[in-house]
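Report on the structure given below.
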Amino acid sequence: MGRPVSTLIDADLCTGCGLCVAVCPADTIELKDGKAVVSGAHSIACGHCAAICPTKAIRVGEIDPQSLHFTTFAMDESWLAPGEFAIAELVRLMASRRSCRNYTNEPVSKEILADLVKIGATAPSGTNSQRWTFTILSQRAEVKALGNQIALYFEKLNRWASNPLLRFLTRLIGKPALADYYHRHYPSVQKSLREWHEQGRDRLFHDATAAILIGSRSGASCPAEDALLASQNILLAAHAMGLGTCLIGFAVEALARDSQCKKILQLPTDEPVYAVIGLGYPREPYQRLTGRKKPLVRFPALDNAER
Ligand code: SF4
């Protein structure tokens with residue numbers, strides 16, 4: 001864990017309170033002669049030290065000073081302590097957000113999309129690596145072009161899957177994915193492809209006017225989790241900004257398996273994409289919250305737990 005240190009401490013402002021030392025998860029800082037100094041060789045650049053310092057004596061060079069400055073809204077930058085935010089409002093937002101499959105033609109501005117990326121990047125990431133990448137399609141024509149490429153991939157996949165001999169042989173060598181795909185998805189994908197070509201019906205992105213793809217550069221300890229945490233931030237924030245969103249799993253699958261999909265997006269071949277979010281202004285005026293299925297919950301009594 002840890003990367004080169006970019007922490008800077010202003011000795012004139014430091015009072016030696018030690019708070020930064022106590023919160024540092026990487027032992028980057030210590031107190032010497034009553035002042036905080038950088039003594040560790042590594043840092044995860046989490047910013048805990050800068051966040052807790054009462055005299056603003058610390059700056060972490062890796063942190064973009066513009067990362068919490070948004071174009072489309074103003075934000076109070078004071079820290080909200082645990083318990084300070086209205087839980088009922090937060091949960092209402094979470095429960096109100098629905099996957100959108102019916103958008104207007106109104107485009108989403110690049111400013112809103114850029115702000116959503118900044119909001120996504122406020123999510124936690126494994127060892128604070130923040131190695132996620134955000135690829136933005138800001139026009140319906142671009143979303144459609146990606147949809148066309150994804151359709152080509154699924155046409156190929158459906159051709160393979162409809163071949164009983166190929167299904168049999170792949171299962172025989174211990175790879176049942178093609179047969180499973182045939183039974184679970186082939187008919188609906190075939191129908192969607194027909195509608196895409198014959199009626200221009202977009203069952204993939206549902207006519208979303210924009211899309212954000214979230215991937216990861218090398219060096220992340222939990223790349224998929226990081227991308228999905230950033231995605232959830234974007235989904236909730238988008239709802240608060242008046243947008244509808246939908247995670248597109250079939251697009252993630254195509255991007256993982258078809259190099260041509262990445263090529264048209266100019267994505268590096270070794271950069272996995274873990275989430276694809278379709279966005280736009282929703283047509284659907286929902287009337288109420290509906291809740292969720294009852295989840296399976298366990299409180300296991302561990303034999304080796306000391307009580
Ligand atoms: Fe100095 Fe700030 Fe660290 Fe306190 S938290 S020791 S004032 S740098």
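Give me a count of the residues in the range 221-234 that are modelled with pLDDT of 95 or more and open to solvent by 10 Å² or more (accessible area, probe 1.4 Å).
Of the residues in the range 221-234, 8 are modelled with pLDDT of 95 or more and open to solvent by 10 Å² or more (accessible area, probe 1.4 Å).
Under 9 Å between Cβ atoms, at least 6 apart or on separate chains: pull out the pairs that start in the range 173-200 with a residue that is assigned to a loop (DSSP other than H, G, I, E, B) and end on any residue that is open to solvent by 50 Å² or more (accessible area, probe 1.4 Å) and aromatic (F, W, Y).
Partner pairs satisfying both residue conditions: H185/F250.
Is it the case that some residue within the range 298-307 is in contact (Cβ under 8 Å) with a residue 40 or more places away in the chain and open to solvent by 80 Å² or more (accessible area, probe 1.4 Å)?
Within the range 298-307, none of the residues are in contact (Cβ under 8 Å) with a residue 40 or more places away in the chain and open to solvent by 80 Å² or more (accessible area, probe 1.4 Å).
Regarding G147, is this residue of a type outside the set (S, T, N, Q), out of contact with any helix residue (DSSP H, G or I) (no Cβ under 6 Å at 6 or more places or on another chain) and within 18 Å of A114 (Cα to Cα)? Before you say what the answer is, go through the steps one by one.
Values: of a type outside the set (S, T, N, Q): yes; out of contact with any helix residue (DSSP H, G or I) (no Cβ under 6 Å at 6 or more places or on another chain): yes; within 18 Å of A114 (Cα to Cα): no.
In short, no.
Sort out which residues of the range 1-24 are within 11 Å of the ligand (Cβ to nearest atom) and of a type outside the set (A, V, I, L, M, F, W, C), and write them in order of number.
Correct list: T7, D10, D12, T15, G16, G18.
Condition first: assigned to a loop (DSSP other than H, G, I, E, B) and modelled with pLDDT under 95. Can you find one or more residues in the range 7-21 that meet it?
Here is the first cut: in the range 7-21, the ones assigned to a loop (DSSP other than H, G, I, E, B) are 10-18.
Right, trim to modelled with pLDDT under 95 and you get none.
No, the range 7-21 contains no residue that is assigned to a loop (DSSP other than H, G, I, E, B) and modelled with pLDDT under 95.
Given the structure, is A95 under 30 Å from G291 (Cβ atoms) and either more than 10 Å from the ligand (Cβ to nearest atom) or modelled with pLDDT of 95 or more (or both)?
Yes.
Which of the numbered conditions does V117 fail, given that it passes all the others? Conditions: (1) in a loop (DSSP other than H, G, I, E, B); (2) more than 20 Å from I29 (Cβ to Cβ).
Just one mismatch for V117, condition (1).
Would you confirm, using the coordinates I've provided, whether D27 is at positive phi, open to solvent by 90 Å² or more (accessible area, probe 1.4 Å) and within 16 Å of the ligand (Cβ to nearest atom)?
yes
Any chance the range 148-168 includes a residue that's touching a Phe, Trp or Tyr at 6+ places or on another chain (Cβ under 9 Å), open to solvent by 20 Å² or more (accessible area, probe 1.4 Å), part of a loop (DSSP other than H, G, I, E, B) and closer than 22 Å to H69 by Cβ?
The answer is no; no qualifying residue exists.
May I ask you to verify whether S221 is part of a loop (DSSP other than H, G, I, E, B) and among the small types (G, A, S)?
Values: part of a loop (DSSP other than H, G, I, E, B): yes; among the small types (G, A, S): yes.
When the stated conditions are applied, S221 passes them.
Name the residues in the range 13-43 that are touching a residue at least 40 places away in the same chain (Cβ under 8 Å) and either closer than 16 Å to G61 by Cα or not hydrophobic (A, V, I, L, M, F, W, C) (or both), would you?
Selection gives T15, H42, S43.
In the range 39-60, which residues are within 16 Å of the ligand (Cβ to nearest atom) and loosely packed, with under 13 Cβ neighbours inside 10 Å?
Listed by number, the residues that qualify are P54, T55, K56.
The values are calculated or read from the model by the stated rules, or taken from the named source; none is laboratory data. Since the model is a prediction, treat every value here as computed from it, not as a measurement. Cβ atoms come from the backbone with ideal geometry, glycine included; neighbour counts cover every protein chain shown. Side chains included, ligands, DNA and RNA excluded: accessible areas come from the protein's heavy atoms. Shrake-Rupley method; radii C 1.70, N 1.55, O 1.52, S 1.80 Å.
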